[in-house]
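The values are calculated or read from the model by the stated rules, or taken from the named source; none is laboratory data. Since the model is a prediction, treat every value here as computed from it, not as a measurement. Don't worry about glycine lacking a Cβ; one is built from the backbone with ideal geometry, like all the others, and counts go over all protein chains shown.
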Amino acid sequence: MSKQPLQVLLMNNGPGRSRNVWESTLAALLLLLTAILFWGCGNAVGQASRSYQLTDEHGRAVTFPNDYRGRKLVVSYIYTHCPDVCIVTTTAIEKVRKQLAGKGDDVSFVSITLDPRRDDTTALRQYAELRGIDTQNWHFLTGAESTVDSLLDDMGLVRRRSFIEQNESGRETYFIDHDDPVVLWDREGAIRDRFKGTTLNSDDVAQAIHELP
Amino acid sequence: MNFRSQLARSLRLGLPLLALLAACGAPEQPQGHRSGGITITGMWGTPGINGRVSAAYGTIANHGTEPDSLIAISSPAAPLIEVHQMVEQEGMLRMRGMKWPVVIAPGDSLAMAPGGTHLMLMELHQSLQLGDSVTLRLSFASAGQREVRFQIGNQQNKPQN
């Protein structure tokens, strides 16, 4: 009895019409599924696949990104042998931070080294101090080379060593070609937005941070 | 009034007037350091850690009628200084050294700014902090050697030199 309407439909309208009905139903289901996914995930564009044990510029242990859950997070990538690009990015982030002064108590800033081999906690602390950066809510993270490399791969960071030379004392010198993203994470650890560090507009970033729930 | 007192009065009034006219008529000195057709202006540098790197920016302009070439740069602050360019390739920002000599055509300039071309001071002898001064000696094929002194600052608050 319950199948009769469908049989009638098939009999009365032919196979082409019935295919349309099925396709419409499938499309509606897909739309519903998409809506459910968006409801659950907001506009997230990614997240870390796991947590990473790192160290900040004062030698304190940090579990990234878990330790920042509950706070909005601005993540950038630098290395202390970087003469130009990283400094442009760091300066732009400092501008964002100053712009948020008084309104950014729930925001943390994190700069992760691209060069864990050479960037120990001392180098990262000096990098911050030389630029007069207050590290109270801005952490410079390093860690074991394999851990940091895994994290950078997880975050999709494109990078490559270049200019590899040995100086007179035999010490290896190199620089790193790299992407320069500044990434905005929400309180749940989901990546919400991505900006380009070297052309960062502090107003845009401050606005995006402000709009995060 | 005799001739001597008239002369003395004329000199008292005339000499300062001449000096004033000479000062008004003196050619305007370009800002920065000028040698031959070369001027170096707006130099400033970024902080850097001992043994690591710092970048310096500014403009080297050739106002002459012939090309000139930057053939070497040295400084007491760092044993190695190169001119580098930043280019974007394959989704990465890549640094490339410019080959010596760096030729500057007449009427042209080498403009160095964050995110682009810069002087890279490598293996710093000591850390460079905000407010520190750095001296560079730049050697040009035609204009000869020029020395510039600039301050360490940051992009938001560039020191005026």
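Condition check ((1) surrounded by 17 or more Cβ atoms within 10 Å (Cβ to Cβ); (2) in a loop (DSSP other than H, G, I, E, B)) across all residues:
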position: B:I71; (1), (2): no, no
position: B:S74; (1), (2): no, no
position: B:I81; (1), (2): yes, no
position: B:R94; (1), (2): yes, no
position: B:L121; (1), (2): yes, no
position: B:H125; (1), (2): no, yes
position: B:G131; (1), (2): no, yes
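If you go through region A:93-125 and keep only what is over 21 Å from B:N154 (Cα atoms) and in contact with a His (Cβ under 6 Å, 6 or more places away or on another chain), you end up with just A:L114.
Where in region A:97-213 are the strands (runs of 3 or more DSSP E), entirely inside, with at least 1 residues that are in the same structural domain as A:T55 (by TED's automatic domain parsing) and surrounded by 20 or more Cβ atoms within 10 Å (Cβ to Cβ)? Steps first, answer last, please.
Numbers: elements: A:107-113, A:138-141, A:159-166, A:172-178, A:181-185, A:190-196.
Result: A:107-113, A:138-141, A:172-178, A:181-185, A:190-196.
When B:Q85, B:Q126 are checked against the criterion of being out of contact with any strand residue (DSSP E or B) (no Cβ under 9 Å at 6 or more places or on another chain), within 14 Å of another protein chain (Cβ to nearest Cβ) and under 29 Å from A:E165 (Cα atoms), B:Q126 stands alone in meeting it.
Regarding A:I164, is this residue free of Cβ contacts under 8 Å to residues at least 24 places away in the same chain and of a type in the set (V, I, T)? Criteria met by A:I164. Summed over region B:137-147, residues that are touching an Asp or Glu at 6+ places or on another chain (Cβ under 7 Å), buried (at least 20 other Cβ atoms within 10 Å of the Cβ) and part of a strand (DSSP E or B) total 1. So, of the residues in region A:149-203 that are within 12 Å of chain B (Cβ to nearest Cβ) and of a type in the set (F, W, Y), which turns out to be farthest from the chain's Cα centre (by Cα)? Residue satisfying both the conditions and the ranking: A:F163.
Take the conditions (1) within 20 Å of A:V205 (Cα to Cα); (2) within 14 Å of another protein chain (Cβ to nearest Cβ); (3) touching a helix residue (DSSP H, G or I) at 6+ places or on another chain (Cβ under 8 Å); (4) among the charged types (D, E, K, R); A:R97 misses just one of them, which is (3).
Out of the residues in region B:48-69 meeting the condition of being in contact with a Gly (Cβ under 7 Å, 6 or more places away or on another chain) and among the hydrophobic types (A, V, I, L, M, F, W, C), tell me which one is surrounded by the fewest Cβ atoms within 10 Å (Cβ to Cβ). Per the criteria, the residue is B:A55.
Considering region B:98-119, the residues that are of a type in the set (A, V, I, L, M, F, W, C) and under 15 Å from the mean Cα position of the chain (by Cα) include one that is farthest from A:R131 (Cα to Cα), namely B:I104. How about region A:69-96: which of its residues are modelled with pLDDT of 95 or more, surrounded by fewer than 20 Cβ atoms within 10 Å (Cβ to Cβ) and either out of contact with any strand residue (DSSP E or B) (no Cβ under 8 Å at 6 or more places or on another chain) or not charged (D, E, K, R) (or both)? Within region A:69-96, A:R69, A:G70 meet the criteria.
Those residues that are without any contact (Cβ under 8 Å) to a residue 60 or more places away in the chain and more than 10 Å from chain A (Cβ to nearest Cβ), I need them from region B:90-111; list them, please. Show your work before the answer.
First pass over region B:90-111, keeping only residues without any contact (Cβ under 8 Å) to a residue 60 or more places away in the chain: B:90-103, B:105, B:107-111.
Listed by number, the residues that qualify are B:M98, B:K99, B:W100, B:P101, B:V102, B:V103, B:A105, B:G107, B:D108, B:S109, B:L110, B:A111.
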